[in-house]
Amino acid sequence: MMTSSSETIDASVAGTWKLGDLTVNRIGFGTMRLPQNGPAFARGDSGDRGRAIRVLRRAVELGVNHFDTAAFYFSPLRSANELINSALAPYTDDLVITTKVGPGRDPSGEWIWADPDQLRGQVEENLRQLGRDHLDVVNLRIARSHTSSSVAEHFGALAELREAGLIRHLGMSNTSPEQLAEAQAIAPVVCVQNMYGIGSPPEHHALLRHCGEQGIAFVPFYAIAGAGREAGATTADGEAVLTVARNHSATPTQVRLAWTLHQGPHVLAIPGTGNPDHLTENVAAGALRLTPDELALLAA
C-alpha cells in the first residue's frame, strides 16, 4: 500500500471543490456499505454498529467533510443515516451531507419509486434520521430504466422544497445529458452522481467533461466496484492498473481512485468501506500523482 504515516494522511491533499456555496474536500466517504455485513442491500446480517461509528469518526479525523448517504441505505438493524447521526452529531459547520431521493425500500427491503408528491416525505425522512432542519444537497436519483424519461415533475417538486428551505442545493444521480438540461431549466444543479470509472464508455467521459465546463461537480459511484456494483469489485484488475500500482507501491483500489480524481478538478470521490484500514488507504489515494504516461496507459 502507498503510505506515509497515517498522521500525515488528510483528505485535503486532493484539493477542494464547491457544491454551491459549500466547500468540500475532493475525497469524501460513501456510506452505502456501512449498515450491512456483506454486499449492500443483501438480506443478510447487519454490520457492526460500533465499528461503523468508529469508521465515520475516523473519516472526519482524516479530513473527510463530504458524506454521501440515503434513507434507503439500511439493513435489518442498521441505517446509514442513524449511524451518521450517532457518530457525527452535533455536526460541525464544514461538514456536508449529501443524500438522494426517488428510490425507497419498504421494511422488507423491496424497492419502490416515489411519485413527485411523495418526495417531500422522503426528504423529511432523511431530516428526521439525520437530526437536521435542512439537507445540504439532495440528488434526484433516476431509475436505470428511466434515463430517457422527463424529470420535470420530480425535480420541480424538489425545487419547491429548496425554496421552502428544507434543501440547500440540488443534484442529479444516474442522469442523462438531456435530463440534466431539463433539471437545470428548473433550478441550479450543483452535482451529478453517475456510474463512472476506468473503462467507462465515451458517452460517460463526455458527460463528465460537460459538467466540468459548467462548474458542476461530477461524483462517480462504483469507481472501484465497476460492473460489480453493489456487490463490490468482482473481476480481477487489468495489467495496466497493476502496473501503475506497482510503480507507486500502491493498491489497485488506490490507482482507481487516483485516476478518478485526475479526470478534472470538479471530480469528487466517495469511496465507502466498513474497514478502518481500507478507509485510510482510500484517503491516502488522494496524494497519488499519476504521470501522463500512466494516465494514457490506464485510458487504453
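The values are calculated or read from the model by the stated rules, or taken from the named source; none is laboratory data. Since the model is a prediction, treat every value here as computed from it, not as a measurement. Note that we place each Cβ from the backbone using ideal geometry, even for glycine, and neighbour counts take in every protein chain shown. Areas reflect the complete protein model, heavy atoms only, side chains present, ligands, DNA and RNA absent. Shrake-Rupley method; radii C 1.70, N 1.55, O 1.52, S 1.80 Å.
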| task | Scan region 110-166 residue by residue and report those that are of a type outside the set (Val, Ile, Thr), farther than 23 Å from residue 218 by Cβ and assigned to a strand (DSSP E or B). | result | 111, 113
| request: Answer yes if at least one residue in region 110-118 is open to solvent by 60 Å² or more (accessible area, probe 1.4 Å) and aliphatic (A, V, I, L, M), and no otherwise. | output: yes
| said: Given the options 170, 135, 166, 95, name the one that is closer than 30 Å to residue 57 by Cβ and in contact with a Pro (Cβ under 9 Å, 6 or more places away or on another chain). | reply: 170
| said: Tell me the residue from 6, 46, 75, 12 that is at pLDDT below 95 and under 27 Å from residue 247 (Cβ atoms), please. | reply: 6
| said: Consider region 80-101. How many of its residues are over 23 Å from residue 48 (Cα atoms) and more than 16 Å from the chain's Cα centre (by Cα)? | reply: 3
| said: Going through 59, 70, 40, 87 one at a time, which residue ends up being of a type in the set (A, V, I, L, M) and at pLDDT below 95? | reply: 40
| Does any residue of region 143-161 turn out to be touching a helix residue (DSSP H, G or I) at 6+ places or on another chain (Cβ under 7 Å), modelled with pLDDT of 95 or more and within 24 Å of residue 40 (Cα to Cα)? | no
| remark: Selection from region 133-147 of residues basic (Lys, Arg) and open to solvent by less than 50 Å² (accessible area, probe 1.4 Å) yields 141
| note | By my count, helices (runs of 4 or more DSSP H) wholly in region 240-300 with at least 1 residues that are surrounded by 19 or more Cβ atoms within 10 Å (Cβ to Cβ), touching a Phe, Trp or Tyr at 6+ places or on another chain (Cβ under 7 Å) and at negative phi are 292-299
